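Undergrad: Have a look at this one.
The values are calculated or read from the model by the stated rules, or taken from the named source; none is laboratory data. As the structure is a prediction and not an experimental result, all values here were calculated from the model. Virtual Cβ from ideal backbone geometry, glycine too; neighbours counted across all protein chains shown.
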Amino acid sequence: MKTYNEFVKLVRNWANRDEEVLSNAIIADCLTYAADKAYRTLRVPPLETTVTYNSTELTAATTTGPPSFTELAIPSNLIEFIQIRSIAADGATKRVFNEKSDVRTFFDTYAEKYNASAYWTRKGNNILLSPGFNTSNVSGTEDKVELYYYRRLPALNARYDVTAANANLSETFISEITESNPAPTDLKTGQVVSTDSLKKAVYTRTSDNQVITTTYYETSVADSSIPAAPVGQTRAITTASYYGSEVPNWLRDENERIILNGALAEAFIYLNEPESVQMYGQIFTSEIDELNREESKRHSSGGNVQININTNGLI
């Protein structure tokens, strides 16, 4: 599993060009372009995610109409919709929004709707669900709406924010800057990665100097607000600078061949070498197609596949 900087160097090694010909900034752009292209057609479970809207925001976003509808902002990382459903407080599914209409039909109260109890449309960067939240004729009360979709992953060089919460959750999320561990330079930006400071309270057993617990705090927390050492322990409070570790990225960490070949295709476009562009572009595309075929096979295995076709009585 390579870091982002190691990935930049990997692309350079495969391209066999020095930095004067193919700069780090160009390689960084090529990696970004390759990821962008991959998201257009790659449809695999690591790209699936769910966002849930709670009853408070749903009620505030609902218009009584006619037609009544609930308008929700689309997540900025959405690629493609998979499913929209409303859920009761006990987890039971109340409605599945299977029917998607065009905007004109959605607002036309006289237009025929296949399922007038659950239909939706997209308007700009919002989705509109109708009838609105808790205004349909379905039995029971809706508690939330779940949007299940394919997403873009974080940027290939994205890092965790430095916070006390991250530090106390696991030290793998941040790294302390020391003389032997300086903050690295991001080869995409050419800048030292951003840093922040935290307070660290270390509780040590007095008898043998063994560290018992370590707790992190934001620098805004006064020393007097940090718990004193229990009997038999000593407390030491220090302030140090930290940088965030790289956020996991499935494309970079688990399927580097996709990004590598895509980045090489983009690099050779820049270098004006069409034969290499074609070769690496074909490998890039075939890698994506292979993963999609594997996922399609997994979807259809383990049981009988059923497809619903609605024809309104006409065939």
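Undergrad: Tell me, yes or no, whether region 121-139 has at least one residue that is outside any loop (DSSP other than H, G, I, E, B), assigned by TED's automatic domain parsing to the domain that holds SER68 and touching a Lys or Arg at 6+ places or on another chain (Cβ under 6 Å). Walk me through how you get there before you give the answer.
TA: First, pick out the residues of region 121-139 that are outside any loop (DSSP other than H, G, I, E, B): 121-123, 126-130.
From the residues that got through so far, the ones that are assigned by TED's automatic domain parsing to the domain that holds SER68 too are 121-123, 126-130.
Right, trim to touching a Lys or Arg at 6+ places or on another chain (Cβ under 6 Å) and you get none.
Checked region 121-139: no residue is outside any loop (DSSP other than H, G, I, E, B), assigned by TED's automatic domain parsing to the domain that holds SER68 and touching a Lys or Arg at 6+ places or on another chain (Cβ under 6 Å).
Undergrad: Considering region 147-174 alone, what residues qualify as being in a strand (DSSP E or B) and in contact with a Phe, Trp or Tyr (Cβ under 6 Å, 6 or more places away or on another chain)? Quick ask: steps written out before the conclusion?
TA: Filtering region 147-174 for residues in a strand (DSSP E or B) gives 147-151, 159, 174.
Hits for region 147-174 are TYR149, ILE174.
Undergrad: Next question, about the same structure. Among what's in region 25-47 and is in a helix (DSSP H, G or I) and β-branched (Val, Ile, Thr), pick the residue that is surrounded by the fewest Cβ atoms within 10 Å (Cβ to Cβ). Steps first, answer last, please.
TA: Within region 25-47, the subset in a helix (DSSP H, G or I) is 25-41, 45-47.
If we keep only those that are β-branched (Val, Ile, Thr) too, we end up with 26-27, 32, 41.
Numbers: ILE26: 19, ILE27: 26, THR32: 17, THR41: 12.
Step by step, filter region 25-47, then rank; the result is THR41.
Undergrad: Sticking with this one: Quick check: anything in region 208-230 among the hydrophobic types (A, V, I, L, M, F, W, C) and buried (at least 16 other Cβ atoms within 10 Å of the Cβ)?
TA: yes
Undergrad: Does LEU22 count as buried (at least 19 other Cβ atoms within 10 Å of the Cβ) and touching a helix residue (DSSP H, G or I) at 6+ places or on another chain (Cβ under 7 Å)? Quick ask: steps written out before the conclusion?
TA: Numbers: buried (at least 19 other Cβ atoms within 10 Å of the Cβ): yes; touching a helix residue (DSSP H, G or I) at 6+ places or on another chain (Cβ under 7 Å): yes.
Spelling it out, LEU22 is indeed buried (at least 19 other Cβ atoms within 10 Å of the Cβ) and touching a helix residue (DSSP H, G or I) at 6+ places or on another chain (Cβ under 7 Å).
Undergrad: For region 48-94, which strands (runs of 3 or more DSSP E) that fit wholly inside it have 2 or more residues that are charged (D, E, K, R)? Don't jump to the end; show me each part of the working.
TA: On the way: elements: 48-54, 69-73, 78-87.
Of the strands (runs of 3 or more DSSP E) lying wholly inside region 48-94, those with at least 2 residues that are charged (D, E, K, R) span 78-87.
Undergrad: Pairs only if they're at least six apart or on different chains, beta carbon under 6 angstrom, first in region 40-53 and over 19 Å from SER76 (Cβ atoms), second among the acidic types (Asp, Glu); list them, first residue then second.
TA: VAL44/GLU295
Undergrad: Moving to a separate point now. Name the one entry in SER136, SER76 that is surrounded by fewer than 19 Cβ atoms within 10 Å (Cβ to Cβ), of a type in the set (S, T, N, Q) and closer than 30 Å to LEU264 by Cα. Steps first, answer last, please.
TA: Working: SER136 fails: closer than 30 Å to LEU264 by Cα.
Only one candidate passes the filter, namely SER76.
Undergrad: Can you name the number of the only condition in (1) of a type outside the set (S, T, N, Q); (2) surrounded by fewer than 13 Cβ atoms within 10 Å (Cβ to Cβ); (3) more than 24 Å from the chain's Cα centre (by Cα); (4) within 30 Å of THR49 (Cβ to Cβ) that GLY281 fails?
TA: (2)
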